[in-house]
Amino acid sequence: MIRASALMGYFDLVNHLGGDADALLAEFDLDRATTRNPDAVLPLSTVAGLIEEGRHQTGCDDFALRLAARQDLMVLGQLAVMALSCPTVGRALDKILEYIHYYNTSLQIDLEREFEPGSARIGLTLKGEFTNPRYAYELALGTVNNCVRALYGENFRPREVQMQFDSPLSQQCYWRFFKAPVRLEQEHNALILSSSQLEKPVDPFSPQLREQIARRIDDVDGASSETLSAGVERIIRRELANQRCTPKSIARELGMDLPGFEARLAAEGVDFDAVLDRIRLHRADRYLETEDIPISEVALRLGFRNKEELAAACRRWFGVSPLERRDRLQRGH
């Protein structure tokens, strides 16, 4: 299991790249509120799946690195505060290693201070099975690299990065992130540092750390100031297949009476039926292109009472029946 903070920056990245983060979360029965809860834990397979689906939806093969670039020491929550109280980078890493299992039971980190004369190695092992482990390790290595940089200072660079797998990404792509050479098909997944870097004093009042803390506070404040329309979308995505996406049922969940709910939505310039229709349309192709999902099941997943309602919607959206739309999707049209 892993803390939901491992998805720090996921929503903004997916949406920035033209994807739909809320739709991806809904595929894994999640919503923003869950992933922004600092106490929430998720299976590693869920986080890995979200990375893979984010890469697939956005078409960015360096998606995991881009996500890691949006993460920093604050991904560790309270453990970050404990690390910042340590006198040196090495002692801070010792503290992180001591307690990391409270935040991520799937990640093992080993620090070898002198695996070679003058060189230290931070080795990573992820416990689990992955469709493509490269994405999970790129995110893990990238996040650990950012944590060390936060402790050391902005000019931190590892000597090199080692990865066990091959990769289609160029060295230039990796260099932009790590500012160090990346060796592929190695024995370990690791960051290689000079031993002297571990002795660098930690400055808990550095401008970089103050910026990270301020950004984290802004994220929490933003999560608590969700607009009504955003809350409606979140609930629709979660409840769509449960046949509970009516103004009355959602108003009740939000603790509002129906007239007040409708008035607030109108004040935000939002039409409930248009929001519901847009979410259904976005998910329709994802379900229809999967041949082993029967049309009747697609209808239920989209919150329709029967396949006739789905057929009417498909003709309005695409000008064809669900089966014809499925055929076009499978032929790449």
Exercise. What nm distance separates the two modelled labels at Lys200 and Glu112, each placed 7 Å from Cα along Cα→Cβ?
Worked result: 2.2
Exercise. Where the centroid of each part is defined by its Cα atoms, how far is the stretch 256-333 from the stretch 1-30 in Å?
Worked result: 21
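So if R0 is 35 Å, what FRET efficiency would Glu324 and Phe130 give, r being the distance between their Cβ atoms, rounded to the nearest 0.05? Can you show the working numbers first?
On the way: r = 36 Å, r/R0 = 1.03.
That pair, Glu324 with Phe130, gives E of 0.45.
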Problem set entry | Value of relative contact order over the chain, rounded to a whole percent, pairs C-alpha under 8 Å and six or more apart | 14
Exercise. So what does His188 come to for accessible area, using a 1.4 Å probe and Å² rounded to 10?
Worked result: 60
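Go ahead and estimate [θ] at 222 nm for the chain from helices alone: -39,500 (n - 2.57) per DSSP H run with n ≥ 4, summed, over the residue count, rounded to 500. Could the numbers behind the result be given before it?
Details: 17 runs with 178 residues, N = 333.
Computed ellipticity for the chain at 222 nm equals -16000 deg cm²/dmol.
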Problem set entry | Accessible area (Å², 1.4 Å probe, nearest 10) - Leu169 | 30
For this session: For the chain, find the longest principal axis of its Cα atoms and tell me its angle to the long axis of helix 307-318, 0 to 90°, nearest 10.
Result: 70
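Note the full-extension length gain between Tyr99 and Glu187 as 0.36 nm times their separation in residues minus their Cα-Cα distance, in nm to one decimal. Write out the running numbers ahead of the final one.
On the way: separation 88, 0.36 × 88 = 31.68 nm, distance 2.57 nm.
Extra length available between Tyr99 and Glu187 comes to 29.1 nm.
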Problem set entry | Ranking by accessible area, most exposed first, for Thr105, Thr58 with a 1.4 Å probe | Thr105, Thr58
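Relative contact order of the stretch 1-60: what whole-number percent is it, with Cα pairs under 8 angstrom and at least 6 residues apart? Walk me through the numbers before you get to the answer.
Values: 55 pairs, mean separation 29.3, N = 60.
So the answer I get is 49 percent.
Suppose a student asked you for the relative contact order of the stretch 1-129, using Cα pairs under 8 Å spaced at least 6 residues apart; what percent would you report? Intermediate values should be presented prior to the final figure.
Values: 145 pairs, mean separation 30.8, N = 129.
Reported relative contact order: 24 percent.
Hey, any idea what % of the stretch 10-81's accessible area is carbon plus sulfur with a 1.4 Å probe?
Numbers: 1260 of 2770 Å².
Ligands and nucleic acids excluded, carbon and sulfur reach 45 percent.
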Exercise. According to a simple spin-label model (label point 7 Å from Cα along Cα-to-Cβ), what is the distance in nm between Arg331 and Arg244?
Worked result: 4.1
Problem set entry | Net lengthening on full extension, Ser119/His282 (0.36 nm per residue, minus Cα-Cα) | 53.6 nm
Problem set entry | Residues of the chain: accessible area per residue with a 1.4 Å probe, Å² | 49
Problem set entry | Near-label residues of the stretch 113-137 by backbone N, under 20 Å of a point 7 Å along Cα→Cβ of Asp292 | 129-132
Problem set entry | Accessible-area order (highest first, 1.4 angstrom probe) of the listed residues Arg286, Arg252, Arg305 | Arg305, Arg252, Arg286
For this session: Kindly write out, for the stretch 24-35 in residue order, the coupling ³J(HN,Hα) from the Karplus curve 6.51 cos²θ - 1.76 cosθ + 1.60 (θ = phi - 60°), rounded to whole Hz, with x marking Gly and Pro.
Result: 5, 4, 4, 4, 9, 6, 10, 9, 4, 4, 5, 6
Problem set entry | Cα gyration tensor shape for the stretch 43-100, rounded if a/c is under 1.5, else prolate or oblate | prolate
Exercise. Can you work out ³J(HN,Hα) from phi for every residue in the stretch 66-75, in order, using Karplus 6.51 cos²θ - 1.76 cosθ + 1.60 and θ = phi - 60°, giving whole Hz and x for Gly and Pro?
Worked result: 5, 5, 4, 5, 9, 10, 8, 4, 5, 4
Problem set entry | With all protein chains modelled, accessible area of Ser296 [1.4 Å, Å²] | 60
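The values are calculated or read from the model by the stated rules, or taken from the named source; none is laboratory data. On a predicted model such as this, the values are computed, not experimentally measured, just so you know. Backbone-built Cβ (ideal geometry, glycine too); neighbour counts: all protein chains shown. The area values use the complete protein model at the heavy-atom level, side chains included, leaving out ligands, DNA and RNA. Shrake-Rupley method; radii C 1.70, N 1.55, O 1.52, S 1.80 Å.
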